[in-house]
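What follows is a short report on a single structure.
Values quoted throughout were computed directly from the atomic coordinates according to the rules given, and no laboratory measurement underlies them. Nothing here was measured: the structure is a model prediction, and the numbers come from that model. Because the Cβ atoms are built from the backbone with ideal geometry, glycine has one as well, and the counts that use them run over all protein chains shown.
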Amino acid sequence: MKNHVLPVISLLLSAAACQSLPPEIDQMDRAQIQSLSTNVVAAYNQDDLDQFVTVFTPDAIVMPPHEPAVNGHASIMKWKADHKPGLKLASVVEHMEGSGDTAYMRGRYCLFQLKADGSYEVNPGKFLETLRLQGDQSWLVDVQIFNSDIDEDADWLDACPFTDGWE
């Protein structure tokens, strides 16, 4: 029996080595994903709930800091509507990778809240998103997680560490 196990294992390993990996995302995919990121920021800054939710798959999961996960379009819209309207967002994509129908991007963000004196207070943080390629060849966010770089009870900063503003 031992004489037959080694050839079978060798055959299985050889077959596995012949499997091809899905192609990596190309420049067109990267440009589309970057555009999606730009669109979500624009929709967020305009408090446009209908446009905001279009960047997510219908069963997407959003994992905000200090809160339970939010699942699906209706819940994502309600979550966004329940949060302070008028907050502004700036973000920078720092890294993007993917293959086949799955991609991810990570980066930094700053939330800007207008103060009574006309200046802004800022909450910086980081994000990670997984994206899924749809049947129409568009990319949508499937899972989004983000969290602040400052403590929940800490004062917000006077400036964003990576941009001069949100506009």
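Give the whole-number value, in cubic angstrom per residue, of the convex hull volume spanned by the C-alpha atoms of segment 34-102.
Numbers: hull volume 7.5 nm³, N = 69.
So the per-residue hull volume is 109 Å³.
Cut-off is 10 Å between beta-carbons; in what order do 105, 63 appear when sorted fewest neighbours first? Walk me through the numbers on the way to the answer.
On the way: 105 23, 63 16.
Final ranking by Cβ density, sparse to dense: 63, 105.
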In terms of the charge dipole of segment 28-120, which places +1 on Lys and Arg and -1 on Asp and Glu at the beta carbon, the residue among 81, 61, 96 farthest towards the positive end is 81
Computed, not fitted: 222 nm per-residue ellipticity of the chain from DSSP H runs ≥ 4 (each -39500 (n - 2.57)), nearest 500, equal to -9500 deg cm²/dmol
Using the Cα gyration tensor of segment 93-167, the equivalent ellipsoid's semi-axes, largest first and to the nearest Å, work out to 31, 13, 10
Mean separation of Cα contacts under 8 Å (at least 6 apart) over the residue count of segment 12-117, i.e. the relative contact order in percent, is 25
Treating every alpha carbon of the chain as one equal point scatterer without solvent, the Debye formula yields log10 I(q)/I(0) values at q = 0.09 Å⁻¹ of -0.40
Lys and Arg at +1, Asp and Glu at -1: neighbours of residue 23 with Cβ under 11 Å from its Cβ sum to -4
Stretched fully, the stretch from residue 26 through residue 99 gains (0.36 nm per residue minus C-alpha distance, one decimal, in nm) 25.4 nm
If 150, 76 are placed from fewest to most neighbouring beta carbons inside 10 Å, the sequence is 150, 76
If unit charges are put on Cβ atoms (+1 for Lys and Arg, -1 for Asp and Glu) and the dipole of segment 81-167 is taken about its Cα centre, the option from 130, 119, 145 lying farthest towards the positive end turns out to be 130
Computed over the chain: longest principal axis from alpha-carbon atoms vs helix 27-45 long axis, angle to nearest 10 degrees, is 30
Quick note on 110, 160, ordering by fewest other C-beta atoms within 10 Å, gives 160, 110
Toy charge model, Lys and Arg Cβ at +1, Asp and Glu Cβ at -1: the chain dipole around Cα centroid in debye, rounded to 20, equals 680
